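A quick write-up on the structure given underneath.
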Amino acid sequence: MTDDLCTCASSCEGRSDDPESASGRWLGGSQRLETPLPSDVQAGLGRLLGEGPIETLDEWVAEVRRRTNGSIAVDDLCHADEETAHWGEIGVERYYFRCFYDAVVLSALAERPVAIRTESPDGTKIEVCAEGTSDLTVVPETAAVSFGVDETVSPPSDGDPSHADVYAAVCPFVRAFPERESYDRWANAVPAATVAMPLEGATELAAALLA
């Protein structure tokens, strides 16, 4: 997941009406990783991997870990050479990323507190102070995070999808929002199958990826 593999888009075109409304795409319970995903998200994730439907985020994590041998380091993250809206700061060192989720993974990798900042699609600033994956302070407290996959993604032509394939299909749709309603509005306008959860769920997912 190095810089030269990052091909994620910075903006998305509108999408057609989704048969499942955004309001039914909220993973708000305590078993977020085990909750069945909407059918279009299941199908899209499976298609990206050249598999059948991926039923849960837990199953997605297992597949990603299997294909990466369960090893992700700070250098593997999608770093940016220029300033971006997505960064993580450890002490005086700031890491700029092309994708918000890499800053969350940084907090799971680091052994020290990480200050995370990102922007929602409408430009609202979201700030997180994270120590590991369990001790979080989020501003605003109502912040949510989305997870999704390009609804037009094609199966890999030969073997497993590359890191670039996964980034291009997933990265633009992992975004932070000041509250659930902002996610709902965004989800109805992007060409992707998505779900959302409280922002603390993003660190839960990162911890599972690195466990």
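The values are calculated or read from the model by the stated rules, or taken from the named source; none is laboratory data. Note that the coordinates shown come from a computational prediction; the quantities given were computed from them, not determined experimentally. Please note: Cβ atoms are built from the backbone with ideal geometry, for glycine as well, and neighbour counts cover all protein chains shown. Heads up: the accessible areas ignore ligands, DNA and RNA and are worked out on the full protein's heavy atoms, side chains in. Shrake-Rupley method; radii C 1.70, N 1.55, O 1.52, S 1.80 Å.
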Is one or more of the residues making up region 109-128 touching a residue at least 60 places away in the same chain (Cβ under 8 Å) and under 18 Å from residue 65 (Cβ atoms)?
yes
Verdict on residue 181 being over 18 Å from residue 103 (Cα atoms), touching a strand residue (DSSP E or B) at 6+ places or on another chain (Cβ under 7 Å), open to solvent by 20 Å² or more (accessible area, probe 1.4 Å) and not β-branched (Val, Ile, Thr):
no
Some residue of region 159-167 being surrounded by fewer than 17 Cβ atoms within 10 Å (Cβ to Cβ) and more than 18 Å from the chain's Cα centre (by Cα)
yes
Counted residues in region 65-119 being in a loop (DSSP other than H, G, I, E, B) and either on the phi > 0 side of the Ramachandran plot or not aliphatic (A, V, I, L, M) (or both) come to 14
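A quick yes/no check of all residues on (1) under 14 Å from the mean Cα position of the chain (by Cα); (2) open to solvent by 70 Å² or more (accessible area, probe 1.4 Å):
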site	(1), (2)
113	no, no
117	no, no
126	no, no
132	no, no
135	no, yes
145	yes, no
156	no, no
174	yes, no
In region 38-54, how many are under 18 Å from residue 192 (Cβ atoms), assigned to a loop (DSSP other than H, G, I, E, B) and either in contact with a Leu (Cβ under 6 Å, 6 or more places away or on another chain) or open to solvent by 50 Å² or more (accessible area, probe 1.4 Å) (or both)?
2
Checked region 175-211 for anything assigned to a helix (DSSP H, G or I) and under 18 Å from residue 61 (Cβ atoms); matches are 200, 201, 202, 203, 204, 205, 206, 207, 208, 209, 210
Here are some residues: 206, 192, 202. Which one is at pLDDT 95 or above and open to solvent by less than 30 Å² (accessible area, probe 1.4 Å)?
192
Scope region 79-106; condition within 18 Å of residue 200 (Cα to Cα), open to solvent by less than 30 Å² (accessible area, probe 1.4 Å) and touching a Cys at 6+ places or on another chain (Cβ under 9 Å); matching residues:
86, 99, 100, 102
